[in-house]
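Engineer: Just passing along the structure, written as structure tokens.
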Amino acid sequence: MFYARAKETFLTVNSNYELHLASDILSPFHSLTSNLGPHPDPAVFDRIEVEIRHQLKGSLKRFVAAQVSSRHHSYIFLTVAE
């Protein structure tokens with residue numbers, strides 16, 4: 001049940017929360033002849049985990065850079081405005 005729900009939510013094409021992953025990573029989940037069964041071996045998610053962690057690290061770096069840049073610009077603006 002949990003796998004079916006996760007697959008429908010995150011691994012199905014055009015779902016609201018579809019993970020943006022390469023098709024070769026998702027192909028075992030999209031295959032009509034998939035032998036993953038109702039409860040697949042957790043190892044089938046290893047590549048997904050690695051890619052999602054990579055994406056999250058990149059997102060964190062961009063977020064921090066944006067915050068630092070935003071604070072720097074605010075400081076300059078306040079300094080010039082005074």
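Engineer: I need the full set of residues from the range 2-48 which are small (Gly, Ala, Ser) and surrounded by 10 or more Cβ atoms within 10 Å (Cβ to Cβ), in order please.
Structural biologist: Listed by number, the residues that qualify are Ala4, Ala6, Ser15, Ser27, Ser31, Ser34.
Engineer: Determine which member of the set Leu36, Leu60, Leu56 is modelled with pLDDT under 90 and under 30 Å from Glu8 (Cα atoms).
Structural biologist: Every option except Leu36 fails the conditions.
The values are calculated or read from the model by the stated rules, or taken from the named source; none is laboratory data. Please read all numbers here as calculations on a predicted model, not as lab measurements. So basically every Cβ, Gly included, is an ideal-geometry build from the backbone, and we count neighbours across all protein chains shown.
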